[in-house]
Structures are given as structure tokens and as C-alpha cells.
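What follows is a single structure, written as C-alpha cells, with notes after it.
The values are calculated or read from the model by the stated rules, or taken from the named source; none is laboratory data. Bear in mind the structure is a predicted one, so any value in this text is a computation, not a measurement. Counting neighbours? That spans all protein chains shown, and the Cβs are built from the backbone with ideal geometry, glycine included. For accessibility, only protein heavy atoms count, side chains too; no ligands or nucleic acids. Shrake-Rupley method; radii C 1.70, N 1.55, O 1.52, S 1.80 Å.
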2 protein chains.
Amino acid sequence: MILVSVDDHLVEPPHMFDAHIPDRYRDRAPKVIQSDDGSDVWVFNDAVIPNIGLNAVAGRPKEEYGIEPTAFDEIREGCWNIDERVKDMNAGGVLGSMCFPSFPAFSGRLFAAADDKDLALAVVRAYNDWHVDEWCGSYPGRFIPMGLPVLWDPQLAADEVRRLASKGVHSLTFTENPATLGYPSFHDPHWDPLWKAVCDEDVVLSIHLGSSGKLAVTANDAPIDVMITLQPMNICAAAADLLWSRVLKEFPSIRIALSEGGTGWIPYFLDRLDRTYDMHHLWTGQDFGDRLPSEVFREHFLTCFIADPIGIKLRHDIGIDNIAWECDYPHSDSSWPTAPEELAAVASGVSDEDLNKIGHENAMRWYAFDPFVHRAKSDCTVAALRAEAAGHDVSIRAFDKGRFEKQVGIDLGELVPKATA
Amino acid sequence: MILVSVDDHLVEPPHMFDAHIPDRYRDRAPKVIQSDDGSDVWVFNDAVIPNIGLNAVAGRPKEEYGIEPTAFDEIREGCWNIDERVKDMNAGGVLGSMCFPSFPAFSGRLFAAADDKDLALAVVRAYNDWHVDEWCGSYPGRFIPMGLPVLWDPQLAADEVRRLASKGVHSLTFTENPATLGYPSFHDPHWDPLWKAVCDEDVVLSIHLGSSGKLAVTANDAPIDVMITLQPMNICAAAADLLWSRVLKEFPSIRIALSEGGTGWIPYFLDRLDRTYDMHHLWTGQDFGDRLPSEVFREHFLTCFIADPIGIKLRHDIGIDNIAWECDYPHSDSSWPTAPEELAAVASGVSDEDLNKIGHENAMRWYAFDPFVHRAKSDCTVAALRAEAAGHDVSIRAFDKGRFEKQVGIDLGELVPKATA
């Protein structure tokens, strides 16, 4: 088994901008400061971002998942230190990884909020250079590089996509709904320069759940379990929005990944698309020529899952070339470091051919990522990587049970630690 | 094949209140008037409801689906005339039907908006008496009666549930989210008197997609196909909201139907519930004892579908006792009068036992509905009913093609009429 994950997260380290921001913006670049209460926060453009690594709970017991880490010494070092990250990947059997941002938000809207757009552009470019050259560049063949967009200007966004493409970047993190962020929607020609650039440069729009800036909340007093449950399927709104939009018709080579969106709901969604087309296109005016919407979907969308037994069962209804595995390290939906075991259990009875596509080949093809240039394929397996990681500590961190019981407000009883590799 | 539909719609006829509203409220009861432009509208409490039968397009060609009928002479008589409705049911092979309201909205919020709550209560009760005694009562064994709720007062709502139960009513149409209608959410004890009544009286809450009063709209300029596609899955928010709520824990016999919600997405949703529970319950405090959320779901929720090949394929992942067929007459998602052929195509290879459950047995059990008391089972089949309907006209209505082309703004070209039974 070889695993390339198309959805992980990094926590930006404090000095990330030092080597990349032009001198004239150095004082105004985002900075980490320590608050009086001991927490670490990013500050930029008068905004304070208290959650340096929202939900970065890898290696913690589940009882602690509700407590957001607020300081670098509370999170696993692999979240922000590239050397430790690669060790954690090895211990988890993960060959390749695509890492979404944390403090700027998935589509970099924190940077876009700056009034000084020259500063904002310098920060986006510095972020991207750090991500590509330092984070991914330190371990060639281990990371799928991904750019942050210039959200406020489609032409500058296109320029940045082309600049990054010249460095080998074939992924752009983007919002699942620009309209909810206050920008023109997917239905507005506003974005055309960006769509042209991603098509020209063979770049996938990677839209992560939650990137609309709107959580799926039913009521203010609803238990948080409701929101957690609904988050992945929420991305079906983005899939429908784009599927029926002019974007796919005007830019026939555009491609979109539904990051962390899950897969088990996709076959129903495809049926629903086809039925909607059959019943309604004569009056709505939609026209896909001699193709069905489900066929159009498979040409344009990559679906992504962590562990999804129904998605595996329905893999051929989804499209075996349209599914990619993800680890979601270091978030609470991840099963790191035992994700390979979880996938193996879910994929019991799946042919090697299918499992190779889902585990790494689809990710490689969609993102033009070839780790085997850098590393013999036989050294890329889960077993080979774990052998390299021998001795690396993946145990659950010691924690102060009394303190957490007090914070969580429940009696944890006797802990049952999750088995580790 | 025997078919009982758990989701159809009626269009309220003009004189429905005449025999049921107390004299002192007669002048202020809802009335149909004809506007200057020739359209029929309901008026009540200073509100004008222009769409007497939103989307009541049965028997029309698909090219016309976008044009809402605005007058009684534009809609099929079976929408509002009970004798014609039964003929249409026979022609469509449908034995039994549960009919949702049109002009008061799914949860009767039009009536709830009246300042004079005594008037509002009189109108709700008159509506329910008409529905139970006239609409359903005219043809015993052909309709599952359903009450409108008293939305503004949980105790009065409970009283009305009990009053209706004494007339044999085991279904209450309700909103998928009271919070979006301005009432306390499902998580507030406010509703407890109503929940107690529906449990005591063995009444199913039938929550229909769209009953939150919020459409699934991604952007103001999104094509309408986006909204049409997303509507059914939108009800997963209600399912999650209720599943994690105190309602199921405090009222363990409460039951909910996800009307027109579709079924193909349910297995993914159940996996998601179980994973959310596994990963997060230790800090969120959810506790289902020794059961999984998916098991709890199957005890409480009925899922409903029109034609859903993935739902049929996954029927045992959903729960074969938790699926009921629906016709959705006279809305545009319905395949009336060829719905039986559509179901047969989708259910090819399904055992008779499973098809009986999905086609009528589950509906009968969930809604305590027994048509066979009134009619020999052999006279209830699709074929037997259609034989009774021989000669009944189900052809597509003639229409003024030029007028509609002008309204729709597209050239319809040569029409290809849908095959009729």
C-alpha cells in the first residue's frame, strides 16, 4: 500500500515570513506574539488570530478534542516543524501530503482583508514562497505544493497562479463560495482571468469544506455534534454551484477537488443532478449537449475521503478515477498514525488496482505529482516508511487529566488510549 | 405491486372552509379571490398568496415546469377536486396517498402569522376538519390523514394532535427547523407538550423539504438548477439536528419522516453520524448508551424517495424497514402517471418482500394506515386500479405553445410528449 494524502494541514511556524517578505513590509508582516494568558496568537493588519492551529489535535486523546490548542507547546511539533512532520508522515505510512493553511483561513481571506493591497500581495507571495520553497522544498517528492490565492483581484490571482506554476505548483486552495465571502459568485465573469490561468497551467482548485466562511449551523443552541456531522456534505452546495455554472462550460479543462468532502453521498448527488437535468433543463435552459451532468462531474471533480465505507462500496458509481484518499493530519477527523489500518479495514475486498488509484495514483495524476522521481517505489510503501520511522514517538501526549476534566466539564473516567502503530 | 405514497400535495379548493369555520370567523377565514390579471389568489390576515398551487404541474409538458400555475383553470383538476384526484391516483396505480398542504405552507405558518390567535386556531382546526373529514373522508382507505400544527403554542398544538388522533390521524406536518421560522429550536424544552402528545398518540412528525422556510441558495445569481439539486439533501440538516437533540433522548418513541428527502445519501450520513460519535462524544458529552447513532436513527426516522437507484441499491444499509415510496403528485419531481414503471425500473432485481415494504408496508406501519379494511388486497394493485381508471384522460394538456415560449423565453422546438400510461 502506498498513500498520498490530498488533504492535510500545517500550522504556520512563527518565523515563516523572515526569509520571504520584502524588507519594506517586514514590520507589517504577520507576527506571532505571546498573550498575557500564555497563548500564542498571530497578529496582522490589526487582526488577532487566537487559534494558531485550530483543531490541531494529532496525538491527543479524544477527550481533549474540544480544547483548541492555543500555544505552540500544546501542539504536536509535526504540525509546524517540517522535519518532525516528515517523521510523523513516515510513522503514519504516508508518502505524500498536500497541506492546507491554518491562520490565513483556507482561501487566505485574512490577507485579503488588509486595506493596503500592496502589503497584502507581498504577504500572499511570501506565504506561497515559504510554502513551496521551505515547507515542500525541504523534502522533494513528499509534498504536493499548493498556492494561496490573491482573493481580491482575479488578474493578480492569475499572475500568482502562473508564477507558482513555474515553480511546479498545480494546486490552488480556494473558497467553496466566493459570494459568502463578499466577492462575486462563481456565476460572475469577474473570475475569468483566474479560471483561464488555472486551465492554462493545469492547476486544480482545491476547495476545502468550511472555506465558505459559513458553518452548517441549524440553531444557536444546537449541540456542536450537529455542525460536525453536517460539515462534509455542506460542500455539495459548492459542487452543485459549480456544476451548473458557466465556469465549466466556458473553461472545459477546469478541475476542482472537493477536499474533505467525503464520497459516500456522491452517487446520490450524481443521480440527483441527472434527474434535475432530465426533469427541468427544458425550461431552465441548461445544455450539456449529448452528455449527462454526472459525466460532466467526473470530468471536472475529484472527490476526497478519510474513511468512508459507503464511498468504497460505491466507488464505481462515483468513478474510480475520481476518488483520492486523505489523512487530515493533524485534525480530529484523522486517524493518524493508524490511518493505513483504518483504510485497509474499510477497503477490505477492494482490488489492488482500485486501491492503488484511490491511495495514490489519482492524487498523482490530478496534481501532476510524481514522488517516484525522488524515491524508489519500493521505499514508498506504508511498511517501508514506517521502518524508517522506527523509534519515532507517536504515543499520546501526557496531559493533565484534572485540568482537562475541569475545562471540558465532564468526568472522563478511565481513559482508553487509542492503539498506536 | 401495491403503492402507497407518503408524499403528495393537494391544492386547497376555494370553498374548503365553508362547512368547517365557526360563523363568528366566517368573514375573516381565508378566501380565494380573482385578481385583475385573471389569477386566483388566497387572501388571509392581509396577506395575499399568489401561488394557489406552487409547482402543481402534473400532466404538463416539461417545457412548462418553470411557469407556476396561478389560476384553478391552469392546474389539473385532480390537484384540488377529490373525485378527480382519486381517478388520477387510479390511473397512476396509486392506492394510498398522504397530501401536504399548499397555500398555508408545509407547517401552516401562514395561519400562525395572524395576530388574532383565536382566529388562527379556528382556521387551523377548520383546515384540519376539512382535510380529515372531506378530503380524506370521501374515500376511506385511500388517504393517510395528516394534521396541520398549531405552530405558535405547544400546548394548543398538543391539544390539536390529540383531537385529531381521536379521528384517526397519525401524521402531523411540521417544519424541518422551527428556529428559522422564528420559534424556539428543536433543542428548547418549549416544544415538549407537543412531543409528548405525538408520542402518546402514535403520530409521526412529517417534515417536508423546504419547510424550514429557507431555500438552499448559494448565490443570488446562481442558476435555479443549483437550488433544485440541493433541496432534498438539505433535509439532512433537520435529521442531524433532531438526531443529536434532547428530543430523541427525552421522548424515546418519537418518530420523524424526512418527506421528499431522498434516500441515497442516508448510508453515508449514518456512517458520518457514527464516526462523529466515535471521534467526538467523549468531549461533546453525547451518550447513546450501548447503541450507535445509526441504530438510533433507524428507530426514529422514516426516509422517503421518489425514484432513487442508489437508495434502492443501498436499501439494507439504510434499513429496509425505514424506506417509503412517494409519488409527489402533482409536483414537477413526480413521474405521474408512469411512476410505477419508474419504480419498477429502479427496483429491478429487488425481492418482492423488499419491494412490498418500500411500496406500501412501511407506509402502512409507520402511519397506522390500513387500506385493506376497505378494499380487497387484490383490488389494490397498480394493475387493478388502472383497470378501474380505464378511459380517464391522463394526456398532457393542450397548451398555447407560443404564449409559453414567450413567457419562458426559449424556443421549445418540437415537443416530445412524455409517454403516458
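Residues whose amide H comes within less than 5 Å of that of A:PHE301, counting only those at least five positions distant or on another chain, are A:ILE256 (H built at 1.01 Å from N in the peptide plane). Within the stretch B:157-273, the percentage of alpha carbon pairs spaced more than 21 angstrom apart rounds to 42%. Modelled label positions at A:ALA387 and B:THR381, each set 7 Å beyond Cα in the direction of Cβ, lie 6.7 nm from each other. For the options B:SER245, B:SER166, B:SER185, a Gaussian network treatment of chain B with springs between C-alpha atoms closer than 10 Å singles out B:SER166 as fluctuating the most.
Considering every Cα-Cα pair within the protein assembly as shown, what fraction, in whole percent, is farther apart than 53 Å? Can you show the working numbers first?
Numbers: 63393 of 354061 pairs.
Tail of the P(r) past 53 Å holds 18 percent of the pairs.
With the whole protein complex present, A:LEU54 retains an accessible surface near 90 Å², based on a 1.4 Å probe.
Students often get this wrong, so check it: of B:LYS313/B:LYS357; A:LYS62/A:LYS313; A:LYS87/A:LYS377; A:LYS167/A:LYS196; A:LYS249/B:LYS214; A:LYS31/A:LYS167, which have C-alpha atoms separated by over 24 Å? Exceeds cut-off: A:LYS62/A:LYS313; A:LYS249/B:LYS214; A:LYS31/A:LYS167. Using a 10 angstrom cutoff on alpha carbons, build the Gaussian network for chain A and name the most mobile of A:ILE256, A:ILE312, A:ILE228. Result: A:ILE228 has the largest fluctuation of those listed.
For the stretch A:222-236, 3J(HN,Hα) computed residue by residue from phi via the Karplus equation (6.51, -1.76, 1.60; θ = phi - 60°) reads 6, x, 5, 4, 4, 5, 4, 4, 7, 3, x, 5, 3, 6, 4 Hz, glycine and proline entered as x. On full extension, the segment bounded by A:ASN220 and A:HIS281 gains 18.2 nm, given 0.36 nm per residue less the C-alpha separation. In the protein assembly as shown, the calculated helix contribution to ellipticity at 222 nm averages -9000 deg cm²/dmol per residue, counting -39,500 (n - 2.57) for every DSSP H run with n ≥ 4. The figure for B:PHE44 is an accessible area of roughly 10 square angstrom, using a 1.4 Å probe on the protein chains alone. Annotation for A:VAL373 and A:GLU341: the two label points, set 7 Å from Cα along the Cα-Cβ direction, are 3.6 nm apart. At an R0 of 45 angstrom, the distance between the Cβ atoms of A:GLU134 and B:ARG291 translates into a FRET efficiency of 0.40.
Close amide H partners of A:HIS208, meaning residues 5 or more places away or on another chain with modelled amide H under 5 Å apart, are A:PHE174, A:GLU176, A:SER259. Take every Cα pair under 8 Å whose residues are at least 6 apart in sequence, average their separation, divide by the length of the stretch A:1-150, and the relative contact order is 29 percent.
Percent of Cα-Cα pairs more than 26 Å apart in the stretch A:1-131, please. Cα-Cα pairs in the stretch A:1-131 separated by more than 26 Å: 25 percent.
Decide, for the stretch B:111-181, between rounded, prolate and oblate: order the square roots of the alpha carbon gyration tensor eigenvalues as a ≥ b ≥ c, take rounded if a/c falls under 1.5, and otherwise choose prolate if a/b is larger than b/c, else oblate.
On the way: a/c = 2.04, a/b = 1.64, b/c = 1.25.
Because a/c hits 1.5 or more and a/b exceeds b/c, the stretch B:111-181 counts as prolate.
Shape summary: the stretch B:67-214 maps onto an equivalent ellipsoid whose semi-axes, from the alpha-carbon gyration tensor, are 27, 18, 14 Å in decreasing order. On the full set of protein chains, 1.4 Å probe, figure out the accessible area of A:VAL6 and give it in Å² to the nearest 10. Answer for A:VAL6: close to 0 Å² accessible.
I'd like the mean, over residues of B:309-318, of how many other protein chain beta carbons sit within 10 Å of each residue's own Cβ. Walk me through the numbers on the way to the answer.
On the way: counts 6, 12, 3, 0, 4, 7, 0, 0, 5, 0.
Whole-number average of other-chain Cβ neighbours for B:309-318 is 4.
List the equivalent ellipsoid semi-axes of the stretch B:292-355 in whole Å, largest first, each obtained as the square root of 5λ for an eigenvalue λ of the Cα gyration tensor. Kindly include the intermediate steps, with their values, before the conclusion.
Numbers: eigenvalues 105, 43, 14 Å².
Rounded to whole Å, the semi-axes are 23, 15, 8.
Once backbone amide H atoms are built at 1.01 Å from N, A:ASP7 has A:MET98, A:CYS327, A:ASP328 as its partners under 5 Å, excluding neighbours fewer than 5 places away on the same chain.
Distances between every pair of Cα atoms in the stretch B:242-384, grouped in 10 Å steps from 0 to the bin holding the largest one, split as 11, 37, 32, 15, 5, 1 percent. A Cα-only calculation for chain A places Rg and Dmax at 21.2, 64 Å.
Taking only C-alpha pairs under 8 Å that are 6+ residues apart, what is the relative contact order of the stretch B:127-177 in percent?
Values: 49 pairs, mean separation 19.4, N = 51.
Relative contact order, the stretch B:127-177: 38 percent.
Couplings 3J(HN,Hα) for the stretch B:341-357, derived from phi with the Karplus relation 6.51 cos²θ - 1.76 cosθ + 1.60 (θ = phi - 60°), are 5, 5, 5, 4, 5, 5, 9, 4, x, 7, 5, 4, 4, 5, 5, 5, 4 Hz, where x marks Gly and Pro.
Centre-to-centre separation between the Cα atoms of the stretch A:184-247 and those of the stretch B:141-176: 39 Å. Phi-derived couplings, Karplus 6.51 cos²θ - 1.76 cosθ + 1.60 at θ = phi - 60°, listed residue by residue for the stretch A:33-38: 10, 9, 6, 4, 7, x Hz, with x used for Gly and Pro.
Ordered by 1.4 Å accessible area with all protein chains kept, B:LEU121, A:LEU282 run largest first as A:LEU282, B:LEU121.
For Cα pairs less than 8 Å apart in space and 6+ apart in sequence, what is the mean separation divided by the residue count of chain A, i.e. the relative contact order in percent?
Values: 735 pairs, mean separation 91.2, N = 421.
Once divided by the residue count of chain A, the mean separation gives 22 percent.
The residues of the stretch A:179-320 expose, per residue, 30 Å² of accessible area to a 1.4 Å probe. For the stretch B:1-75, the C-alpha radius of gyration sits at 1.34 times the compact-globule guess of 2.2 N^0.38 Å, with N the residue count. With respect to the axis relating copies B and A by rotation, the chain B residue whose beta carbon is closest, plus that distance in Å, is B:TRP265, 2. The distance separating the Cα centre of the stretch A:107-121 from that of the stretch A:357-390 comes to 36 Å.
First compute the accessible area of chain B with a 1.4 Å probe, then give the percent of it belonging to carbon and sulfur atoms.
Details: 7490 of 15070 Å².
Ligands and nucleic acids excluded, carbon and sulfur reach 50 percent.
Comparing B:LEU385, B:LEU273, B:LEU343 in a Gaussian network model of chain B, where Cα atoms under 10 Å apart are tied by springs, the biggest mean-square fluctuation is seen for B:LEU273.
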